[in-house]
Amino acid sequence: MADREQVKVLFVCSGNSCRSQMAEGFARSLRQAHLDAYSAGLNPKTISSPAVQVMQEVGINIANQKPTDLRDMGDENFDMVYTMCCGADTTVREVLPDRTPVVYVDIPSPAALAKDAGGSPDAVLHYHRVVRDKIKAWVCTL
């Protein structure tokens, strides 16, 4: 159970394979005294290898985090839920108690950005790093 001083947060994205996993990793590593962090997805997938790689570059290992289906979190109470994909807030409100505050944070999918840039391995890693750094800066403000 979280300390009274910790805020229990849930990070949600579509697959719980990249953005929400990165956010959870940063929260657990950099904000552990303040945040009791979890992540989930609308349609969970295997954690993205590029996400694991770019997080390891900054000394955070997310390889052992497990993708979780948002629907399996229905009995949990969170102080705040942050969604990182359009439309997730509707599903979150259907699954979690009505009193849970939900905030949408505009963090683009690195896979979509890389695809738009041609999808080369260099582009994939570049956009995962860009998104990683954006998530880190945001999580540090929580």
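The values are calculated or read from the model by the stated rules, or taken from the named source; none is laboratory data. All figures in this text were calculated on a predicted structure; none of them were measured in a lab. Every residue, glycine as well, gets a Cβ built from its backbone with ideal geometry; the counts of neighbours run over all protein chains shown. The protein model used for the area step is the full one, side chains on, heavy atoms only, and it has no ligands, DNA or RNA in it. Shrake-Rupley method; radii C 1.70, N 1.55, O 1.52, S 1.80 Å.
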Take the Cα atoms of the chain, find their three principal axes, and give me the spread along each one in whole Å, biggest first.
43, 30, 24
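Placing unit charges on C-beta atoms (Lys and Arg positive, Asp and Glu negative, everything else neutral), compute the dipole magnitude of the chain about its Cα centre in debye, rounded to 20. Present the calculation step by step, with values, prior to reporting the outcome.
On the way: 15 positive and 17 negative charges, 59 e Å.
Charge dipole of the chain: 280 debye, to the nearest 20.
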With axes computed from alpha carbons, what is the tilt in degrees of helix 121-139 against the longest principal axis of the chain, rounded to the nearest 10 within 0 to 90?
30
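Helix-derived [θ] at 222 nm for the chain: sum -39500 (n - 2.57) over DSSP H runs of at least 4, divide by residue count, nearest 500?
On the way: 5 runs with 54 residues, N = 142.
Computed ellipticity for the chain at 222 nm equals -11500 deg cm²/dmol.
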Give me the accessible area per residue for the chain, probe 1.4 Å, as a whole number in Å².
52
Percent RCO, i.e. relative contact order, over the chain, from Cα pairs under 8 Å lying at least 6 residues apart
26
Beyond 19 Å, what share of the Cα-Cα pairs of the stretch 1-63 remains, rounded to the nearest whole percent?
31
Within straight cross-link reach of Lys8, meaning Cα distance under 14 Å, which aspartates and glutamates are found once same-chain residues fewer than 8 apart are removed?
Glu24, Asp36, Asp75, Glu76, Asp79
Residue-level accessible surface for Ser17, protein heavy atoms, 1.4 Å, Å²
20
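Quantify, in whole percent, the carbon and sulfur part of the accessible surface of the stretch 16-68 (1.4 Å probe; protein heavy atoms only).
Values: 1030 of 2320 Å².
Within the stretch 16-68, the accessible surface is 44 percent carbon and sulfur.
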Strictly greater than 19 Å: what percent of every Cα pair in the stretch 68-142 meets that?
48
Check which residues have an amide H placed less than 5 Å from Leu35's amide H, if you skip close sequence neighbours.
Val7
Once the dipole of the chain is set up from charges on Cβ (+1 Lys and Arg, -1 Asp and Glu), the residue from the list Met84, Val9, Leu70 lying farthest towards its positive end is Met84
With a Förster distance of 25 angstrom and the Cβ-Cβ distance between Thr141 and Ala112, calculated FRET efficiency to the nearest 0.05 equals 0.55
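About the Cα centre of the stretch 12-70, what is the dipole size in debye to 20, counting +1 per Lys and Arg Cβ and -1 per Asp and Glu Cβ, all else neutral? Intermediate results must be reported in sequence, preceding the final value.
Values: 5 positive and 4 negative charges, 6 e Å.
In debye, rounded to 20, the stretch 12-70 gives about 20.
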